[in-house]
There are 2 protein chains.
Amino acid sequence: MNIGEVASRSGLPPKTIRYYEDIGLVRPQRGSNGYRAFRETDLHKLIFLGRARALGFSIEDCRVLLSLYEDESRESAQVKAIAQQHLSAIEEKITQLQAMHATLSHLVNSCHGDDRPDCPILNDLAGQAAGG
Amino acid sequence: MNIGEVASRSGLPPKTIRYYEDIGLVRPQRGSNGYRAFRETDLHKLIFLGRARALGFSIEDCRVLLSLYEDESRESAQVKAIAQQHLSAIEEKITQLQAMHATLSHLVNSCHGDDRPDCPILNDLAGQAAGG
DNA sequence: CATAAGGCTTCCAGTTACTGGAAACTCAAG
DNA sequence: CTTGAGTTTCCAGTAACTGGAAGCCTTATG
């Protein structure tokens, strides 16, 4: 398979696939013309990577997960530990975003949004915490 | 004020303040020794920036918000529009993260996490969607 | 006055995970 | 043979800093 085909079959852009080769996540062979020659196992890895990335795992997490995926003697506890850590990180981010959302939606609601300069949003950012 | 003082008063690291000067968000004067000389207004701007960044606004948003903050003839509608856009972006991110969380927590719960290689997390990433 | 510690300066590089674009080569179709 | 599409490499840029090095300035101490 050329890169175009693995791209459409994996859903990853060719650029991303080349990048993944650069950083050693996949190692396609090469044809005599210099083109990358992907095998089915390369495609599987790329699909794996696409899914892991879609779940928000970092590239380095993906690297470890991929090595566990290929390691027949892995312990599922290792996989679970990585996933749990990532889950905690997601939870933390959600909490942060919800806090931002709460503050900001409050401010947005308290702003007239008209042609006058008076603005509780700016007041708050300026540190005046215009009580509301 | 030297950079150390504005740093502790604004809560921003000196590195970040220098960076903000680099990209033109603040323009402190200079003393004869070459040190940055911050005025109160510079401090206010930095506090403003710190709060806006804490609410997740991008640097470019901050740049616009800061110019509105300094523009006596602004219309609060402009500020509100930026804030609302950002609020939507936050909501979108939360939704994405919640989707990740749902999928991942399901997978984590279905994984034994013991010394055996069998792992529903890896199965799912590999695209086998081990029904469960 | 010498020195040492700490703060300040600039500049360069690295981070994350790609993405865009240029110049050049290969392949398939007509 | 030409044209267009696909592929190659390489370089640069993105966002928002952060770390570190080399060197100047200031302040405290002996």
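The values are calculated or read from the model by the stated rules, or taken from the named source; none is laboratory data. Only a predicted model underlies this, so the values are computations on that prediction, with no experimental measurement involved. Counting neighbours? That spans all protein chains shown, and the Cβs are built from the backbone with ideal geometry, glycine included. Surface accessibility is based on the protein's heavy atoms, side chains included, excluding ligands, DNA and RNA. Shrake-Rupley method; radii C 1.70, N 1.55, O 1.52, S 1.80 Å.
What to note about this one:
- Other-copy label distances relative to B:Ser73, 7 angstrom Cα-Cβ extension, nm: 7.7
- Reciprocal mean inverse distance between Cα atoms of chain B - Kirkwood radius, Å: 18.6
- Distance violations [Cα-Cα > 27 Å] among B:Lys45/B:Lys80; B:Lys15/B:Lys80; A:Lys15/B:Lys15: B:Lys15/B:Lys80; A:Lys15/B:Lys15
- Other protein chain Cβ atoms within 10 Å, averaged over every residue that makes up A:109-122: 6
- The Cα atoms of the protein assembly as shown define a convex hull whose projected area, averaged across directions, is 20.6 nm².
- Here the alpha carbons of the range A:75-132 define both size measures, Rg and Dmax, at 19.2, 63 Å.
- Residue with peak Gaussian network fluctuation, chain A [Cα springs, cutoff 10 Å], from A:Arg30, A:Arg18, A:Arg116: A:Arg116
- Summed over the residues of the range A:1-73 and divided among them, the accessible surface reaches 55 Å² per residue at a probe radius of 1.4 Å.
- Chain B: angle of helix B:59-70 to the longest principal axis, Cα-based, in degrees nearest 10: 40
- Compared with the dominant principal axis of the Cα atoms in chain A, helix A:76-110 is inclined by about 30°.
- In this view, the solvent-accessible surface of B:Tyr69, computed with a 1.4 Å probe and all protein chains in place, comes to about 60 Å².
- Mean-square fluctuations from a GNM of chain A, with a 10 angstrom spring cutoff on Cα atoms, peak among A:Leu12, A:Leu55, A:Leu122 at A:Leu122.
- For A:Ile23, label point 7 Å along C-beta direction: distances to other copies, nm: 2.2
- When chain A is turned onto chain B, its residue with the beta carbon nearest the axis, and that distance in whole angstrom, is A:Ile94, 3.
- The aspartates and glutamates whose alpha-carbon is closer than 14 Å to the alpha-carbon of A:Lys93, local same-chain residues fewer than 8 away aside, are B:Glu91, B:Glu92.
- Considering only A:Arg51, A:Arg63, A:Arg36, the Gaussian network model of chain A with Cα springs below 10 Å gives its largest mean-square fluctuation to A:Arg36.
- Degrees between helix B:40-54 axis and first principal axis of chain B (Cα, 0 to 90, nearest 10): 10
- Solvent-accessible ranking of A:Ser105, A:Ser88, largest area first, probe 1.4 Å: A:Ser88, A:Ser105
- Mean partner shielding of peptide B:98-104, defined as the number of other chain Cβ atoms within 10 Å of each residue Cβ, is 5.
- Dipole magnitude (debye, nearest 20) for the range A:75-132, charges at Cβ of Lys, Arg, Asp, Glu: 180
- Kirkwood-Stokes translational diffusion coefficient of the range B:2-75, alpha-carbon pairs, 37 °C, 0.692 mPa s, µm²/s: 260
- Between the range B:1-60 and the range A:24-47, the alpha-carbon center distance in angstrom: 49
- Inter-copy label distances for A:Gln98: 0.9 nm (label point placed 7 Å from Cα along Cα→Cβ; shortest first).
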